[in-house]
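A.B. asks: Please read through the structure below; I'll follow up with questions.
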Amino acid sequence: MSPLKTMLSATTIATIALAGAALAGEMKHDHGMAKMDMAEHMLGDLALIAPFARETLPNQPVAGAFLTITNNGSEDDTLIGVSSSIAARGEVHEMAMDGDTMKMRELADGLVIPAGETVELKPGGYHLMFMKLNQPLVEGEMIEATLEFQNAGTVTIPFAVMGKGAKSMDHSGHGS
Ligand SMILES: [Cu+2]
């Protein structure tokens with residue numbers, strides 16, 4: 001290889017590297033929210049998809065958090081607990097009719113994630129609830145929470161804090 005050719009290829013490589021770095025930086029900046037839509041964490045046979053929490057008012061004592069869980073295994077698993085440094089306690093809740101009012105209540109035996117199925121925790125349905133918050137949840141920030149499953153064990157994953165009206169990560173860019 002001639003000295004000139006060597007120099008050229010070195011320059012070319014440097015240029016490509018720079019362009020790549022610039023592009024990566026730009027994408028991270030411009031599409032941060034879109035990337036969070038796709039957030040997926042694996043724990044054994046479980047896929048933990050698009051976790052998010054709702055922002056809270058300064059003195060609001062509780063916060064809700066949501067995600068979709070797919071069980072790719074051949075045995076049922078159960079979400080038995082949740083905890084986070086943001087709150088004194090975390091619980092797994094369901095919404096259920098109490099007379100003619102919809103109320104939330106703790107799932108004492110946890111939330112079963114049947115083998116081969118997907119369970120969605122979402123506003124108005126199953127959800128994670130953090131009680132006695134240590135801090136308000138601010139839109140755009142991330143919190144971490146540890147999920148505990150009967151079979152798969154525990155995992156700590158980030159939850160993106162979304163605005164009040166957020167129904168799911170997928171609709172985060174479309175108002176409401
Ligand atoms: Cu609740």
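A.B. asks: Which aspartates and glutamates have a Cα lying under 15 Å from the Cα of LYS164, excluding residues fewer than 8 positions away in the same chain?
C.D. replies: Qualifying aspartates and glutamates at Cα under 15 Å: GLU55, GLU139, GLU141.
A.B. asks: Next question, about the same structure. Give the whole-number value, in cubic angstrom per residue, of the convex hull volume spanned by the C-alpha atoms of segment 38-166.
C.D. replies: On the way: hull volume 13.8 nm³, N = 129.
Per residue, the Cα convex hull of segment 38-166 comes to 107 Å³.
A.B. asks: Counting Lys and Arg as +1 and Asp and Glu as -1, what is the net charge of the other residues whose Cβ lies under 12 Å from the Cβ of GLY81? Kindly include the intermediate steps, with their values, before the conclusion.
C.D. replies: Numbers: positive: ARG89; negative: GLU91, GLU106, ASP109, GLU148.
That works out to -3.
A.B. asks: If you don't mind, there's one more thing I want to ask. Based on the mean of other beta carbon atoms within 10 Å per residue, what is the order of 87-94, 110-117, most packed first? Could the numbers behind the result be given before it?
C.D. replies: Details: 87-94: 18.1, 110-117: 15.5.
For the peptides 87-94, 110-117, the packing ranking is 87-94, 110-117.
A.B. asks: Work out the FRET efficiency for ASP98 and LYS167 from their Cβ-Cβ distance, taking R0 = 25 Å, and round it to the nearest 0.05.
C.D. replies: Values: r = 23 Å, r/R0 = 0.93.
Rounded to the nearest 0.05, the efficiency is 0.60.
A.B. asks: Oh, and also: Say R0 is 22 Å: what FRET efficiency, to the nearest 0.05, do VAL155 and GLU106 get from their beta-carbon distance? Don't skip to the answer; put the middle values down first.
C.D. replies: Values: r = 21 Å, r/R0 = 0.95.
The pair VAL155/GLU106 has a calculated efficiency of 0.55.
A.B. asks: For segment 89-95, take each phi angle, set θ = phi - 60°, evaluate the Karplus expression 6.51 cos²θ - 1.76 cosθ + 1.60, and give the result in whole Hz per residue in order, putting x for glycine and proline.
C.D. replies: So the Karplus estimates, Gly and Pro as x, are 8, x, 9, 9, 10, 10, 9 Hz.
A.B. asks: Also: What relative contact order, as a whole-number percentage, does segment 38-166 give when Cα pairs under 8 Å and 6 or more residues apart are counted? Don't skip to the answer; put the middle values down first.
C.D. replies: Values: 332 pairs, mean separation 42.8, N = 129.
That works out to 33 percent.
A.B. asks: What is the distance, in nm, between label points placed 7 Å from the Cα along the Cα-to-Cβ direction at ALA47 and at LYS122?
C.D. replies: Modelled inter-label distance: 1.7 nm.
Values in this text are rule-based calculations from the coordinates and carry no lab data. The shown structure was predicted, so the numbers you read here are calculated from the model rather than taken from an experiment. In this analysis, Cβ positions are derived from the backbone assuming ideal geometry, glycine residues included, and neighbour counts consider all displayed protein chains.
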